[in-house]
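Only the coordinates and a few stated rules stand behind these numbers; no lab work does. As the structure is a prediction and not an experimental result, all values here were calculated from the model. Here the Cβ positions follow ideal geometry from the backbone for every residue, glycine too, while neighbour counts run over all protein chains shown.
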Amino acid sequence: MKIKVLFIAPYTAMSYLMEDFRSEIDDIEVDVKVGNLEAAIPIAKRAEREGYDVIVSRGGTAKLIADVTNLPVIDVHISGYDMLRVLTLANQFPGKKAIVGFSNITIGAKTITDILEIPIDVYTVEKAEEVEPLILNLKKEEFTVIMGDVVTVNVADKFGLEGILIQSGREAIFDAFQRVRSLFDFIQKIQAEVSLLKSLLDKTDSDLVVFNTNQEVVFQQWHSLSPSEVRLEQLLASFDEETTVLLHLDDNEKVTATPSRILAGENEYTVFALSKLRRAYTVNKIKADTVQQPPMIIRESESMAFCLAQAEANLDKHNWALIGEKGTGKELLARFIHYQKFQGRGLFVKGSATEILSDFEATDQEIRTIFIYGVEQLTEKDLLTLMKLIQRTAQVIFILSLEEEHASIQSFLFHPFTARVYIPPLRERQKDIRALAAYFIADFHREKGTTPIKIKDEAVHLLEQYSWPGNVKELKALIQDAVLLEKRDVLDGKIVEHLLNKKTASKYEKIDESFLQGTLEDIEKRIIHILLEEEDGNQTKVAKRLGINRSTLWRKLKN
């Protein structure tokens, strides 16, 4: 099947060249029309009705018609050969010379004139209306030769200047038709895939709702559910979330809604795949989602490599205790364990211990893993309730996030079916810092469009010297601050050093001259309150840092 192409030449000479070139493209059927800028618009608008597959034109004309047609438009470029030809021609004329045109002409022209040191001025315009006043001004400055596209040459002739048209040669036209072939093949493949996907969609029994970026429904398919059962505002409430959400139906049934993003050309869509849960499950702040691929975990250091090896060696265990300081990445490791055990199947649920106890009724067979954090905040009574919940919910694995081995849950910690994994703090993972920093830089570059793509050794060295009390989360936050400040491709040590100095200085900002006033007991209380703030009110950790027990700490706070 031949590709049907409409070639709109912005100037007559180009149509002659295209006619000569026609014999070399026997796989493409080409019709040639002449029309520049607005004159080409009605020609392009008729093209779709007349059954053309692709339109080929040049420069500003190609840009204009691309906005008024649904057909793909290929722009014939101006090659380096084309520019050298016109510069050679112009060089034979005496007087001052200038190139005037849109950026598709002037960027390449400027590069060539700079490299070859050709004394020709280059002027860029954004609209055709800018050409006439610019050339009139050049005439006043005694320019005699003006090079550019059709508009430029016409205006130059109008003011009695020598106008030289920058034409696209055979090489540029050959390249354009190569792109026509590639684009047409791509479109054919896409259309075949779309036809296949439509057929598969008709066969599947999934319930789907598709939104565009304006949060408008563009497609919906219902099998086990009906549109009246699902309130679309519930989906819109989680429109910007990337995790699976659970919806409550009016009859107390629950539905998992798993969103995914798809791109179709320049348009982005959000697809919610809906599925009824077969058992009761209530949700407030508890989050449920899927883990479709193993999360990236840096393990260059010996301590982290041992941690991952410990996790992988215990995949047969039913429950887990992940023990480590705040910010060490316990949730990330929990997702890793979930994926390794279930290979992306089933739901991963996470929630605080308080939320799990108040909102968790029973599990659905869709749920495979429940990750619980904030265990340290529970009372002794609530801890006992949590242990009973774990014992009677045997069909899922529980992963507890702990900052230390809690004496009240020893029955869980040291049970034969519980795996204990100790996650090292970042200060013990010095060899991981370079890789972690590089990973975060790449992540921010992709997600936020930040400039740096590399980090200098001097910056890494500074990061390796810091103690990182906030662990990996603190490192990630600092890298984000640094890449937002750095506007070059490489993140150097100056910004990193400045941010680290700020962090160090901030520790002492609260301590002023009045801190040491009063009795020893007053000063001691001030120290305790500062430590409580740093440890988010965790008295056990404060007592440990002070080298006293909790009872002594409590007495000091009461006095």
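Take the Cβ-Cβ distance between residue 118 and residue 484 as r, set R0 to 51 Å, and report the resulting FRET efficiency rounded to the nearest 0.05.
Working: r = 42 Å, r/R0 = 0.81.
In this case the efficiency is close to 0.75.
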With the dipole of the chain defined by +1 on each Lys or Arg Cβ and -1 on each Asp or Glu Cβ, the option from 319, 196, 143 whose Cα lies farthest towards the positive pole is 319
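Sum up the charges of everything whose Cβ sits under 10 Å from the Cβ of residue 353, counting Lys and Arg as +1 and Asp and Glu as -1, but leave residue 353 out. Kindly include the intermediate steps, with their values, before the conclusion.
On the way: positive: none; negative: 355, 376, 382.
Taking every other residue near residue 353 into account, the sum is -3.
For residue 293 and residue 439 in one chain, what is 0.36 nm times their gap in residues minus the Cα-Cα distance, to one decimal in nm? Each step should come with its number before you reach the end.
Details: separation 146, 0.36 × 146 = 52.56 nm, distance 1.69 nm.
Once the chain is fully extended between residue 293 and residue 439, it gains 50.9 nm.
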Run down the lysines and flag those whose C-alpha is under 27 Å from the C-alpha of residue 140, throwing out any fewer than 8 positions away in its chain. 96, 97, 110, 127, 158
If you work out Cα Rg over 2.2 N^0.38 Å from the coordinates, which of (i) 1.25; (ii) 1.40; (iii) 1.06 do you get? (ii)
Once you put a point 7 Å from the Cα of residue 210 and another 7 Å from the Cα of residue 477, both along the Cβ direction, what distance in nm separates them? 4.1
Determine the calculated [θ] at 222 nm for the chain from helices alone, applying -39500 (n - 2.57) to every DSSP H run no shorter than 4 residues and normalising by the residue count; nearest 500 deg cm²/dmol. -13500 deg cm²/dmol
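When ranked by the protection proxy of mean other Cβ atoms within 10 Å per residue, highest first, what sequence do the peptides 548-558, 118-128 form? Intermediate results must be reported in sequence, preceding the final value.
Working: 548-558: 12.5, 118-128: 15.2.
Result, highest mean Cβ count within 10 Å first: 118-128, 548-558.
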Between region 406-454 and region 62-140, how far is it from one alpha carbon centroid to the other, in angstrom? 54
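Structure shown: which of 4/189; 317/473; 2/189; 326/525 lie over 20 Å apart, alpha-carbon to alpha-carbon?
Numbers: 4/189 17 Å; 317/473 28 Å; 2/189 16 Å; 326/525 25 Å.
Flagged as over cut-off: 317/473; 326/525.
Summing +1 for each Lys or Arg and -1 for each Asp or Glu, what net charge is found among the other residues whose Cβ lies under 13 Å from the Cβ of residue 184? Show your work: numbers first, answer last.
Details: positive: 2, 4, 179, 181, 189; negative: 27, 29, 53, 185.
That works out to +1.
Using a Förster distance of 51 Å, how high is the FRET efficiency between residue 343 and residue 494, based on the Cβ-Cβ distance and rounded to 0.05? Provide the component values of the computation, followed by the final result.
Working: r = 45 Å, r/R0 = 0.89.
After rounding, the FRET efficiency stands at 0.65.
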Of 373, 346, 460, which is farthest towards the positive pole of the chain's charge dipole, taken about the Cα centre with +1 and -1 on the beta-carbons of Lys, Arg and Asp, Glu respectively? 373
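Please say if region 302-424 is rounded, prolate or oblate, where rounded means a/c under 1.5 for a ≥ b ≥ c the square roots of the C-alpha gyration tensor eigenvalues, and otherwise the choice is prolate for a/b larger than b/c and oblate otherwise?
Working: a/c = 1.61, a/b = 1.16, b/c = 1.39.
Note, shape of region 302-424 comes out oblate.
If you place +1 on the Cβ of every Lys and Arg, -1 on the Cβ of every Asp and Glu, and leave all else neutral, what size is the dipole of the chain about its Cα centre, to the nearest 20 Debye? Walk me through the intermediate numbers first.
Working: 70 positive and 85 negative charges, 330 e Å.
Dipole about the Cα centre, nearest 20: 1580 debye.
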Looking at 528, 214, 485, which one has the Cα that reaches farthest to the positive end of the dipole of the chain (charges on Cβ: Lys, Arg +1; Asp, Glu -1)? 528
Would you mind checking 381/556; 381/541; 350/381; 502/544 for any pair whose Cα atoms are more than 24 angstrom apart? 381/556; 502/544
Quick check: the distance between the Cα centres of region 317-340 and region 161-190, to the nearest angstrom? 55
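Just to verify a number: FRET efficiency for residue 4 and residue 454, C-beta to C-beta distance, R0 = 56 Å, to 0.05?
Working: r = 48 Å, r/R0 = 0.85.
After rounding, the FRET efficiency stands at 0.75.
Can you say what percent of the DSSP beta bridges in the chain, counting only those with both residues inside, are antiparallel? Round to 5.
Values: 27 of 75 bridges.
Around 35 percent of the beta bridges assigned by DSSP in the chain are antiparallel ones.
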Sorted by chain and number, the residues with a modelled amide H under 5 Å from that of residue 206, at a separation of 5 or more or across chains, are none
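With only Lys, Arg, Asp and Glu charged, each at its Cβ (+1 for the first two, -1 for the last two), find how big the charge dipole of region 514-558 is about the Cα centre; round to the nearest 20 debye.
With only Lys, Arg, Asp and Glu charged at Cβ, the dipole is about 260 debye.
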Give me the one-decimal nm value for the distance between modelled label points at residue 377 and residue 26, 7 Å along each residue's Cα-to-Cβ direction. 7.7
What net charge do the residues around residue 413 carry, taking every other residue with its C-beta under 11 Å from that of residue 413, with Lys and Arg at +1 and Asp and Glu at -1? -1
